Amino acid sequence: MNSDDQTKLINQLVELGVGEWKSEYPASDVSLICDGLSFTLYVKSDTLNMYSSGGCDFPPNYEKVRQILEDL
């Protein structure tokens with residue numbers, strides 16, 4: 001991936017609000033029964049620096065972000 005592609009990807013993530021994602025989803029796992037689905041996303045760039053993970057609960061625009069990353 002060249003630097004233009006990286007910049008485009010970061011801009012898409014910023015537009016989708018990834019920088020506003022909480023660090024954990026759900027915030028509390030008390031009495032949580034999960035079906036095994038989970039995610040971890042770590043991005044470090046000049047524009048976006050974030051870490052988020054979770055299971056059974058997903059942040060806003062998660063599916064859009066997942067599709068963008070899957071299409072790389």
**Request:** Report Rg/Rh for the chain, rounded to two decimals, where Rg is the Cα radius of gyration and Rh the Kirkwood radius.
**Result:** 1.01
**Asked** For the chain, what relative contact order do you get, as a whole percent, if you take Cα pairs closer than 8 Å and at least 6 residues apart?
**Response** 34
**ASP4 accessible area, assembled protein chains, probe 1.4 Å, Å²** = 120
**Asked** Mean residue ellipticity at 222 nm from the helices of the chain, using -39,500 (n - 2.57) per DSSP H segment of n ≥ 4 over the full residue count, to the nearest 500 deg cm²/dmol?
**Response** -9000 deg cm²/dmol
**Complete:** Per residue, the convex hull enclosing the Cα atoms of segment 32-72 spans a volume in Å³ of 83
**Request:** With a probe of 1.4 Å, find how much accessible area the chain has per residue, and write the answer as a whole number in Å².
**Result:** 73
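The values are calculated or read from the model by the stated rules, or taken from the named source; none is laboratory data. Just so it is clear, the model here is predicted, and its values are computed rather than measured. Note: areas computed on protein heavy atoms with side chains; ligands, DNA, RNA excluded. Shrake-Rupley method; radii C 1.70, N 1.55, O 1.52, S 1.80 Å.
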